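Q: Take a look at the following structure, please.
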Amino acid sequence: MNPIYLDNIAGTKPDTRVVEAVMPYLTDKYGNPAAHFYPLGRESYSALNQARKQVADLIGAEKAESIIFTSNGTESNNIAIKGIMAASSYKKHIIISEIEHYSIQNPVLKLTNYGYTFTKLPVDKNGRISPESVANAIKEDTALVAVAHANSEIGVIQDIEALGKLCKEKGVHFHVDAVASCGFIDIDVKKMNASTLTIAAQNFYGIRGAAALYVAPEVKLVPLFDGGFQEKGIRCGSENIPAIVGLGKACEIAKNEMAEYTVKLTKLRNKLIDGLTKHYDFLHITGDRENRLPYHVSFWVEYIEGESLLMWYAQKGVYCASGSACSSNILAEDEEDLQASHVLTAVGVPTDICAGSITMSLSKYIEEEDIDHVLKVSPEIIDKLCAMSPAFDSSKIKK
């Protein structure tokens, strides 16, 4: 059978309607939107504004002008975090959780070189952040709380509305990284009380090279770099019109069809989880089962290295991942073994096997027979690899 792609958290196959929408802007409609005094430029200018409205409609933004286009989620997160902190006067403190993506953790860490401080809050065994812990961590000089709506590695969804309400009451900015969730669960920036929010096209059937940052009207940002006046001066430089058109189209499709394909994905996700855990006490699902992305399954297996699992799954035509796409190439101090995932250690996975986790992320193109194939080959793979481990206890296999 054809390979089964289960690494959609790293990037989805573009919807054919997105590709069709993009193509004219790669061929005939190539004008720069800044040159809107002649037809070619006006076409691109109009497409840019249309995409801005499509993004705003998907995330519940009242004004299309609140949408700033960027190249990827990392750029959006950096603009939001560093821009908010640079615009703060005396407030120098930031709050994040210990399971945040590197595009949140590393900008915050970088800011400590310039006199800023941060608090990294723990999560429970399911990866959830307690609003009470956030409330207790807020200080007089706290300017920002930055949290991912959903974690890309373990799939857990945070109670983002409770966190946003708390931040509003405390007068603290709230940045939401919604890259993993946008296009799969409802997003409403008003209900979230989001000061800023990040999405990226490649994660919900758009194409790489386009992302967006929502900036609430009352939020002031200091730009990261200087240049022209594109995107209100917040993200200067010529816009990537083809990719932005694709992002807008992906948002339009998601708004109209997300409810339907989310039902399908949730059913297939649950079937995969139930099937994987059916035979083994030593296969452990990571992340909250209920508060979970509808397309996300993550697990680790005792006695087995993640790289071995990936290799055997690939041989069986199943393409999945170990850890997040942005951390898979990070080496440990001995430069031989992968570092333990900070997300997995935070939820209590033993450090010595954190590199052995597997993430399977589904897409709307996955069918039930694909899941059946994964469940068919998984016991073959796991039994074979367990037999190679001297520590394996065969009594743990369920009959």
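Q: Collect the residues in segment 168-185 that are acidic (Asp, Glu) and touching a residue at least 24 places away in the same chain (Cβ under 8 Å), keeping them in residue-number order. Don't jump to the end; show me each part of the working.
A: First, the residues of segment 168-185 that are acidic (Asp, Glu): 169, 177.
Correct list: ASP177 only.
Q: A further question on this structure: How many residues are open to solvent by less than 70 Å² (accessible area, probe 1.4 Å), part of a loop (DSSP other than H, G, I, E, B) and at pLDDT below 85 if we restrict to segment 344-390?
A: Matching residues across segment 344-390 total 5.
Q: If ASP188 satisfies all but one of (1) under 19 Å from the mean Cα position of the chain (by Cα); (2) over 30 Å from VAL301 (Cβ atoms); (3) surrounded by 24 or more Cβ atoms within 10 Å (Cβ to Cβ); (4) not basic (Lys, Arg), what's the number of the condition it fails?
A: (3)
Q: Between residues in segment 79-96 that are assigned to a helix (DSSP H, G or I) and residues that are modelled with pLDDT under 95 and crowded, with 20+ Cβ neighbours inside 10 Å, which pairs lie under 6 Å by C-beta distance while being six or more apart or on different chains?
A: none
Q: In segment 309-328, how many are in a helix (DSSP H, G or I), modelled with pLDDT of 95 or more and under 23 Å from the mean Cα position of the chain (by Cα)?
A: Count: 0.
Q: It is to be established whether one or more residues within segment 296-310 are closer than 19 Å to HIS373 by Cβ and open to solvent by 10 Å² or more (accessible area, probe 1.4 Å).
A: yes
Q: Collect the residues in segment 58-77 that are surrounded by fewer than 21 Cβ atoms within 10 Å (Cβ to Cβ) and part of a helix (DSSP H, G or I), keeping them in residue-number order. Lay out the reasoning, then the answer.
A: Applying the first criterion (surrounded by fewer than 21 Cβ atoms within 10 Å (Cβ to Cβ)) to segment 58-77 yields 60, 62-65, 71-72, 75.
Residues satisfying the conditions are ALA64, GLU65, GLU75.
Q: Pairs, please: C-beta under 8 Å, at least 6 apart or cross-chain, first residue farther than 28 Å from ASN270 by Cβ and in segment 155-167, second assigned to a helix (DSSP H, G or I) and among the β-branched types (Val, Ile, Thr)?
A: Cβ pairs passing all conditions: LEU166/VAL134; CYS167/VAL134.
Q: Still on this structure, please answer the following. Given the conditions (1) open to solvent by 50 Å² or more (accessible area, probe 1.4 Å); (2) within 20 Å of CYS236 (Cβ to Cβ); (3) of a type in the set (A, V, I, L, M), which single one is not true for LEU26?
A: Status for LEU26: all satisfied but (2).
Q: Just wondering, is there one or more residues in segment 212-224 that are in contact with a strand residue (DSSP E or B) (Cβ under 7 Å, 6 or more places away or on another chain), open to solvent by less than 20 Å² (accessible area, probe 1.4 Å), of a type in the set (Gly, Ala, Ser) and within 26 Å of THR16 (Cβ to Cβ)?
A: The answer is yes; a qualifying residue exists.
Q: Looking at segment 261-281, which of the residues that are within 14 Å of MET360 (Cβ to Cβ) and basic (Lys, Arg) is least open to solvent (accessible area, probe 1.4 Å)?
A: Only one residue tops the list, namely ARG269.
Q: In this structure, does SER181 turn out to be modelled with pLDDT of 95 or more, outside any loop (DSSP other than H, G, I, E, B) and among the hydroxyl-bearing types (Ser, Thr, Tyr)? Step through it out loud before you land on a result.
A: Values: modelled with pLDDT of 95 or more: yes; outside any loop (DSSP other than H, G, I, E, B): no; among the hydroxyl-bearing types (Ser, Thr, Tyr): yes.
So SER181 does not fit the description; no.
Q: Against the definition (under 28 Å from PRO294 (Cβ atoms), touching a helix residue (DSSP H, G or I) at 6+ places or on another chain (Cβ under 6 Å), of a type in the set (A, V, I, L, M) and not in a helix (DSSP H, G or I)), how does ILE187 come out, yes or no?
A: When the stated conditions are applied, ILE187 passes them.
Q: Do the conditions hold for ASN2, that is, is it part of a loop (DSSP other than H, G, I, E, B), in contact (Cβ under 8 Å) with a residue 60 or more places away in the chain and polar (S, T, N, Q)?
A: Working: part of a loop (DSSP other than H, G, I, E, B): yes; in contact (Cβ under 8 Å) with a residue 60 or more places away in the chain: yes; polar (S, T, N, Q): yes.
Yes: the conditions hold for ASN2.
Q: Output the qualifying pairs, or none if there are none: Cβ atoms under 8 angstrom, residues six or more apart or on different chains, first residue in segment 243-272 and more than 17 Å from ILE199 (Cα to Cα), second residue outside any helix (DSSP H, G or I) and β-branched (Val, Ile, Thr).
A: If the second residue must be outside any helix (DSSP H, G or I) and β-branched (Val, Ile, Thr), the pairs left are THR262/ILE185; LEU265/ILE366; LEU268/ILE366; ARG269/VAL297; LEU272/VAL297.
The values are calculated or read from the model by the stated rules, or taken from the named source; none is laboratory data. All values reported here derive from a predicted model rather than from experimental measurement. Note that each Cβ is placed from the backbone with ideal geometry, even for glycine, and that neighbours are counted across all protein chains shown. Each accessible area value is taken on the protein alone, full model and side chains, heavy atoms only, with ligands, DNA and RNA left out. Shrake-Rupley method; radii C 1.70, N 1.55, O 1.52, S 1.80 Å.
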